[in-house]
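First up is the structure itself, then whatever we jot down about it.
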Amino acid sequence: MCAGISSMPISTVRETMLARSQPPTSTEFRLRNVSVNSIRIGRRLRPLGDISSLVESIREVGLLSPISVTRDKCLISGLHRLEAFRALGRKYIPAFIVPISPQEAKIAEIDENLARNDLSLLERAEHLYRRKQIYEGMHPERRHGGNRGNQYTGGKKCQDANLQFCQTVAAASGRSATSVHRLVRIAKLLTAETKQLLRGSEWANNQQTLMKLCKLTPEMQEGVAAKVAKGESKEIADAIAKVKRDRLRASGCATPEEDANYIIDVNVLAVELLRQIQSSEREEKLKQITESLNYLNPTLRKQLVSALRHTAASATKFERQLSKDFRESPTSSKAFQRKIRERMALMPEPDEELKREAASSFANAHVREITKEEAAAIILRFEWLANAGTGEFAVGLFFTHPKTGQEFLGGVAVFGRTAGSNAARAVCGEEHADKVLTLVRGACAHWTDPPRTSSDGRTHSGGAASYLINRACELMFKRGFTTFLLYSDIEAGEIGTVAQAAGWIYTGTTNATEKFRTPSGEVKDARLVSAYTRDRTGGKLRYKRTRSQQKQILLEEGCEFFRGLPKHRYVHFAGTRREKRILRNALKWEALPYPKRKSLPEYSGQTLDLDPAEKALAASTS
């Protein structure tokens, strides 16, 4: 009975093992009088509360519900009852002796606490996260990326018997797996200081606010939580704005409200506008209205016609201005990142002289975690992509001016788990799969790389990026990640120069991925087809298709599917020398010599649009 307690439903554990009104029916659960001083108390998840009323109740009517301990006298449940007995000077206390392991005892304690109604949402999240850690320690095959079987090892039947933690708890507690996952994520990503500051506040029971806090850096989390604890803010947006304002003033800079020369980042603004223009919600509403014109109020219909006509005229006007003299960046033998830096160096840069002075020495540099919004501003400006990537963590490279003390953000690195569980297992095996992270995006401003002279008299440049990514990996190592992937885009003329400078291991190229081009000319990854197979707009499932059905629909709409180019792949390990040696020996890919830059014909002043076959041929030519 006790062997499977870690996978039993929470309600079942409490009813069968920790029943308060009557002893368990199993003969393995023995009721004994145990010495109070012999009971060992480990680290408890819930702090000891007021026991005065419990002391009086036990004095008057006695102990109605025995405590539970393991065979070696470790406390499972009943800390308040035990402390009440100590306060009364009692030497012995009735206790159920439960024959379970220490890990199962800890799960039993967590389950009893979870069955209570007086836990805040934040406390419930902490309990679930701790239960997940113990559960996955006992069942490593059920971790994210664990081997739960396939068609060759039992198929669906095997997978059902090896559910992940969130699925197991969802089935046992009546919650959805998504809600359990969100609570676990809250407890995992919030710092201990942040959680301590939020205890007892309204935010401790506000899941939406806690999820927003998870997206902030540890420093921002603690700053925002401190604003709440002091009563300075009640809304998270207001608290974030106040923390950012305090940081700007502390660094000697004027806030956007105080700086008359402050200009909103045009790239961030463009991304927001694109989302609004490409939103399917607007088109869906118009479609519903036009299908029910007979029921439409004539006054509203007239206003809609007028508004759409005005919008169309305005859009045409701005489209002409945006397309005037526009030329796509030509593909050449020169790496795309290098071309961007050269182009941006010709543009006016605020405080450029101060920034270059600050970046003249890495003694003025440091890295720290930043928000993804802060990283997006640098990426969109200095990498020329349509988005900032799908990442979980962002790290910024800062330079502090030695005289003025001003701090400038010169580069960013964004990490995420976009490679997928198969790629994570393919690096060093399943044992290390949950510690793999991908460097999704990275960019440095042109002023961060002034030429530097080494001790041998040679002049070097480009050190800021390699300085950033290795120290960013060290920060991610503190979060529990040890293995890092980086992909370099052959199509953009990249060979991974930064990864080579940083000493990463080259492991060859990936397989070419499938892409598709929409009728408007936009190129997308074919993996997105699966995202289009379901529509849950408004919280209702409107349609559900197979991937092949959805692909056929896209083909009928004029989309063109094709194979893209492969990418160069690099691997990096972080940790102690011993940890790095273990990971290096476990690496499943062969370490290869660094690739040399391939030459593509230089096309100056015109748009180059080679088809994939021509690009592959050009890329393979030295």
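The values are calculated or read from the model by the stated rules, or taken from the named source; none is laboratory data. All values derive from a computational prediction rather than experimental measurement. We place every Cβ from the backbone using ideal geometry, glycine too, and count neighbours over all the protein chains shown.
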request  = Answer yes or no: is there a residue in the stretch 98-112 that is touching a Pro at 6+ places or on another chain (Cβ under 9 Å) and at pLDDT 85 or above.
outcome  = no
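Does Phe415 fit the bill of being touching a His at 6+ places or on another chain (Cβ under 7 Å) and in a strand (DSSP E or B)?
Working: touching a His at 6+ places or on another chain (Cβ under 7 Å): no; in a strand (DSSP E or B): yes.
Here the answer is no, as Phe415 does not meet what is asked.
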remark   = Output for Cβ contacts, cut-off 7 Å, separation at least six or different chains, first residue closer than 14 Å to Thr371 by Cα in the stretch 232-247, second surrounded by 17 or more Cβ atoms within 10 Å (Cβ to Cβ) and of a type in the set (Lys, Arg), reads Val243/Lys227
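Yes or no, residue by residue, for (1) of a type outside the set (Val, Ile, Thr); (2) over 30 Å from Phe399 (Cα atoms); (3) at pLDDT below 90:
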{"position": "Thr311", "(1), (2), (3)": "no, yes, yes"}
{"position": "Phe318", "(1), (2), (3)": "yes, yes, yes"}
{"position": "Lys339", "(1), (2), (3)": "yes, no, yes"}
{"position": "Met347", "(1), (2), (3)": "yes, no, yes"}
{"position": "Glu353", "(1), (2), (3)": "yes, no, yes"}
{"position": "Phe382", "(1), (2), (3)": "yes, no, yes"}
task = Report, by residue number, each residue of the stretch 174-199 that is touching a residue at least 40 places away in the same chain (Cβ under 8 Å) and more than 20 Å from the chain's Cα centre (by Cα).
result = Leu198, Arg199
ask   = Just for the stretch 271-321: of the residues that are surrounded by 11 or more Cβ atoms within 10 Å (Cβ to Cβ) and in contact (Cβ under 8 Å) with a residue 40 or more places away in the chain, which one is nearest to Ser520 (Cα to Cα)?
value = Leu274
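Can you name every residue in the stretch 56-77 that is in a helix (DSSP H, G or I) and either among the small types (Gly, Ala, Ser) or surrounded by 14 or more Cβ atoms within 10 Å (Cβ to Cβ) (or both)?
Ser57, Ile58
Residues are listed down the side, and each one gets a yes or a no for (1) outside the structural domain of Lys215 (by TED's automatic domain parsing); (2) surrounded by fewer than 16 Cβ atoms within 10 Å (Cβ to Cβ); (3) at negative phi; (4) within 22 Å of the chain's Cα centre (by Cα):
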| residue | (1), (2), (3), (4) |
| --- | --- |
| Glu353 | yes, yes, yes, no |
| Ser361 | yes, yes, yes, no |
| Glu373 | yes, yes, yes, yes |
| Ile379 | yes, no, yes, yes |
| Asn387 | yes, yes, yes, yes |
| Ala394 | yes, no, yes, yes |
| Phe399 | yes, no, yes, no |
remark   = Scanning the stretch 418-438 residue by residue, the ones that are touching a residue at least 40 places away in the same chain (Cβ under 8 Å) and part of a loop (DSSP other than H, G, I, E, B) total 2
Filtered residues of the stretch 471-487 (kept if of a type outside the set (D, E, K, R) and modelled with pLDDT under 90) = Gly480
query = Out of Gly145, Gly154, which single residue is of a type outside the set (D, E, K, R), at positive phi, over 26 Å from the mean Cα position of the chain (by Cα) and modelled with pLDDT under 65?
reply = Gly154
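Looking at the stretch 274-283, is at least one residue within 29 Å of Asp535 (Cβ to Cβ), part of a helix (DSSP H, G or I), at pLDDT 85 or above and of a type in the set (Val, Ile, Thr)?
Checked against the condition, which is being within 29 Å of Asp535 (Cβ to Cβ), part of a helix (DSSP H, G or I), at pLDDT 85 or above and of a type in the set (Val, Ile, Thr), the stretch 274-283 yields no hits at all.
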